[in-house]
Every structure is written in structure tokens, then in C-alpha cells.
Amino acid sequence: MDEVIRTEKLTKKYGSFTAVSEISLNVRKGEIYGFLGLNGAGKTTTIRMLLGMIKPCSGSAYINGKKVSPGDTELGRNTGYLVEIPYSYPELTVSENLEIFRKLRLLQDKTAVDKVMEKLNLTQYANRKASHLSLGNSQRLGLAKALIHNPQILILDEPANGLDPAGIFEIRELIKDLASNHGVTVFISSHILGEISRFATRIGIINDGVLIQEINTPELEILCKKRLIVNTENNADAKSILENSNIIAGINNQNQLEITDEKLILNPGVVATLLVNSNLPPSMLFVSEEDLESYFLRTIGVKN
Amino acid sequence: MRKLNVAIWAETRKIRKSKIFIITFIVFTFIPLMMGLMMYLFQHPELAEKLGIIGTKAQMFGDNDWVGYLSLVNQANASIGLIGFGFVTAWIFGSEHAGHTMKDILALPVSRNIILAAKFIVSFAWCMLLSLVLLFVSTTIGLLIGIDGWSDTLFSDFVVRFIVSALLTLLLASPVAYIAGLSRGYFAAIGFVVFTMILAQFSGVLGFGPFFPWAIPGLYAVASDAEGMVLFTSSYIVLILTFVSFYLLTLRWWNNADHH
């Protein structure tokens, strides 16, 4: 089965409010699907529908070709998940919390707890009560619960929350390893495009409950806007000179010339030569590339 | 069966380590201790007068013998049991919501139905243990302070009534579990327990106690022949139907509600 996670017009409404609207997506085996959106965009609701925790108003979700239904134990066997902020039983230690989930996941391997603690650098906190853990370590414990049974499908809702940069790096490498070396299919939500684009193979952008774009990560660079920025002693004259040669240039809010013509972005020398020959040599000329956050905000309509 | 055993183990582990587990046992030990103290003071009115604690004319324990004492223990078991068992059930079912751990037990190889059954089994075991503590401590205190009128028959009759009364109270757990789920926490469930206890008092006054589920265990414990306090076969059926219907409602809620 190549298609591991699939949704068909998945919709959830609360009264007149539509939390998720007709989302159709599919995630193939071994793929890391980044599900990107602002807070309240509908990421968690979608994830909860994928896990059978919320019933869709219409549409369906399928895991391994089987329609998701509430309390499906087969889904529970193959899937590891972390939804929103992870909480654990506060009076129990890290290892006791994990032992509960080892048992509830019907794992025979008694070393599973030790292994997952080692994988997530939790061994030194094994005997610490969950209520005494830092936010980052609580997050690790949540991830450990999701990973303890070595699931073939991982559904993670903002797993980097609360982690320090080193922790984020570790989790990113762990997820990449699981997907590329163990064939684990990962569905991961985030609100940070820059972070998710580092390891997701495909990205879906959700806004106001609507899946507005799906991109293969390598295409992201192409989609990010590029501009040729030029500065001269007199940008108004330079603009006229360029326009006389049929080159459209705008003036940005820093009073610099801005050219968006793709051919000129690839050959900025053309602009430089023209200005030098007109006795207005550029004091600055460079290609500016839109960063991923700007691209994301522009895509969802927050930023022009 | 393995899945149920695993779920029971998990539930037991959760409660065994919780502070509330110890607190309930302290409360259920403290209450018979206080009853024993009162009984002792009734037996020694001169001491009570000297201490100025309670009126010496009170006849709380009838003739201050085992009959009166055990009758009060039975009443305590029914009324404290109603609150205590309700509190335990509210905690077992509500704490998963209050602690935001509910989502972790909804998509596992062990089904929600089994986890729910395990929660009921563990709450029953916890409540019965509390009742046994009440029984043991109150009997021991009674023996220590030397109450008059002990008889083996009296005691065995008391134990049977005590245990049945506790079992009848346990049947009121499912409405509490349902409210805990519906309200996603334990506060509303505890409020519901207090509310039903007040209603149980009114139902007795108004005469429909034998058919009001929350009054039935109390009426059984009191075992009075007075009008409006006699239980019928239908009373027990009402109680069983209450348990079964709310158990099914809880099951439906766990399986069909949106779990945010």
C-alpha cells in the first residue's frame, strides 16, 4: 500500500463555524508530510479526525486504506501520535508513564521503555516525576509515548514546541532517520515553514480550515519570490533609463530600485551594463530572495 | 481478557501513585475513629461534660450498645459511601480530562470499551476497599472501647447489610462517570454527587425514596419499616437499570463524542 494516509473532503463544522473544510490529501509511504498553518487554522482538528478522536461532519479519513473510525484498535496498533501539548500522569515517573503505554500498546519487549528513553535522551530523567519535568522534557516524554512501539505511521502535532534548538535538531534528525531508513510515514504539523521545510518531503498549507496549497519541498525555492535590488546615486533617473530600455523597475520602501523580471534576475549584468553606460553605475546590485516565512505569510494572505 | 488485564493494571498503577488514593483511605479511617470517640463519650457522659464536647443527653447510638453503633456504621457507610464512592468515580473518570491525558488513551490497541470497563472495575475495587476499611476500623474501635451487647449473629447480619449496602451504592457510579465525561472533568461530577445526595433526602421526605436510585442504598442500610422507607423488588430493578443505562450512555459518549 503506497498511500498510507488519505483524506477525502474531510470537513468539520461547529455550528456555523467551519474548522476544516473539504480537505483532501494523501501521504505516501516513507513520506514526511508537513502540515503547515497558523494557530487555529485547523491543523489539530484535522489530526484528531485522522486519529478518530473527532468525527468529521462529512468526508472521510483513511489510514492504510481503512476508513478511520472512533476507537479503531488496528489504527492504534500501527500509529504513534502526539496531539497538541503532551501531558502525562503527573504523579508517575517518566519510566512509569512509559511502562503504562508499553503495556497498553501490548508490547512484549520489556526493554522497550529503556530503548525509547535512550532514543529521546530521557534516561537520566527515568525516575523523575512527570510533574517535575521541564517543558522540553515533557515534550520528549510525549514523543517517547508516540514512538515506544516503533509505529509505521507517526502523526505529530507541533512536536518541536518547547524544545530548545538542540532538541529541535535531534527530533528533526530522528524523524528524518525514521522516514528514510525505516520507511515510517510521518504527518507532522507546524506553524514554522522554515523549520518544516528542512525535513518534510511535501508540505500542505492550511488556512481558515482550507488546504490552500500542496508543494513538494524542492519546489519551494522556485516559488519564493526573487527580486533584483539596485541602488544608484539617483534612482529616479536610473528608473527612467531602465524604462527607456523597456525594463520595468519599481521603487521599494527603502528607495531602492526593484526588478522582478526573471530573465534579468538570472542576468543582472544586463542592468549593470546599461546603468554604467548611462553614467549612473550601481552602488549596489544583488538578488534578494524571499524567505520561507514571508512566502508562507504571503500564501495565506497575511503579507503582500 | 489480556487487554482487560492490561487496562486494569494501567488504571491501578495510575491511582496507586496518586495522592488522592491515600487521602480517601485517611478519610475512611478518620470517620469511624470519630464515631468511636463519640460512642466512648456517650458511654462516659461525665467525661463528655468535663470536656464540654457534646451534649450528654444525645442518644445517637440508641442504647449505646452494638445494635445502635452498628446501625450508625451502616448509615455512615451508605451516606459517606454515596459521597466517597462518587468522589472516587469522579476522579477516576474526570482526571483524564482535567489532566489532558484522555487523548492518549483514545487510539490504542486496547479499545475504549475495555479501558472504560477497567476504570469501572478499578473504581469498584477502590470503593469496596474503602468500605472494608470503614468496616474494619469501626469494628476494631467498637471492640477497643468495649461496647455492650455484642453477638455473633448481630455482627454477621451487620456485615451482610454493610456489604450489600456498599454494593448498591456502587451501582450509582455510572451516572457520575457519565457526568465526568460530559463535563470533561471531575468538578461537575462531584457537584452532581452532592446534588443527588440532597435530592435523596427530599425523596425520602416526599415518600418516593424507594424509587429514587440515590436514596435506595441509604434506605437499605437503615432497614426501617416506616412508611416510605421500605424497599421493593422494583427498587432494586430501578437501581440496576440506572447503572446499566448510564453505563451504556458513558460507553456511547466515549465512542461517539468529539474528544478535543
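Below are the figures for this structure:
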| read-out | value |
| --- | --- |
| Residues residue A:223 and residue A:77, FRET efficiency given R0 of 41 Å [Cβ-Cβ distance, rounded to 0.05] | 0.60 |
| Pairs beyond 21 Å (Cα-Cα), from A:43/A:129; A:55/B:103; A:9/A:67; A:115/A:176 | A:43/A:129 |
| Whole-Hz ³J(HN,Hα) from phi, Karplus 6.51 cos²θ - 1.76 cosθ + 1.60, for the range B:129-144, glycine and proline x | 4, 4, 5, 5, 5, 4, 5, 5, 5, 5, 5, 4, 4, x, 5, 5 |
| Shielding by partners - mean other protein chain Cβ count within 10 Å, residues of A:101-108 | 5 |
| Helical contribution to [θ] at 222 nm, DSSP H n ≥ 4, -39,500 (n - 2.57), averaged over chain A, rounded to 500 | -10000 deg cm²/dmol |
| Protection proxy ranking, peptides B:7-16, B:147-156, average beta carbon neighbours within 10 Å, highest first | B:7-16, B:147-156 |
| Whole-number percent relative contact order across chain A, with pairs defined as alpha carbons under 8 Å at least 6 apart | 20 |
| Global form of the range A:193-235, assessed from the alpha-carbon gyration tensor, a/c cut-off 1.5 | prolate |
| Chain lengthening between residue B:234 and residue B:25 when straightened (0.36 nm per residue, less Cα-Cα) | 71.9 nm |
| Rounded to whole Å, sorted largest first: equivalent-ellipsoid semi-axes of the protein assembly as shown, Cα gyration tensor | 68, 23, 22 |
| Residue B:47/residue B:4 FRET efficiency (R0 51 Å; Cβ-Cβ; nearest 0.05) | 0.45 |
| Cα-centre dipole for the range A:224-299 with unit charges at Cβ (Lys and Arg positive, Asp and Glu negative), debye to 20 | 100 |
| Candidate aspartates and glutamates - alpha carbon under 14 Å from residue A:12, same-chain residues fewer than 8 apart omitted | A:22, A:208, B:258 |
| Residue order, fewest to most beta carbons within 10 Å, for A:21, A:58 | A:58, A:21 |
| Pairwise FRET efficiency - residue A:55 versus residue B:195, Cβ, R0 = 25 Å, nearest 0.05 | 0.25 |
| Calculated P(r) of the range A:3-216 - Cα pairs past 26 Å, % | 33 |
| Chain B: calculated mean residue ellipticity at 222 nm from DSSP helix runs of at least 4, using -39500 (n - 2.57) | -25500 deg cm²/dmol |
| Charge sum, other residues only, whose C-beta stays under 14 Å from residue A:46's C-beta, Lys/Arg counted +1 and Asp/Glu -1 | -1 |
| The protein assembly as shown - charge dipole about Cα centre, Lys and Arg +1 at Cβ, Asp and Glu -1, debye rounded to 20 | 900 |
| Peptide-level mean, for A:63-75, of C-beta atoms on other protein chains within 10 Å | 3 |
| Cα-projected label distance for residue A:121 with residue B:113, points at 7 Å along beta-carbon direction, nm | 4.4 |
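None of the figures in this text is laboratory data; all of them are computed from the coordinates on show. Fair warning: this is a prediction, and the values are worked out from it, not measured in the lab. With ideal geometry, Cβ positions are generated from the backbone for all residues, glycine too; neighbour counts draw on all protein chains shown.
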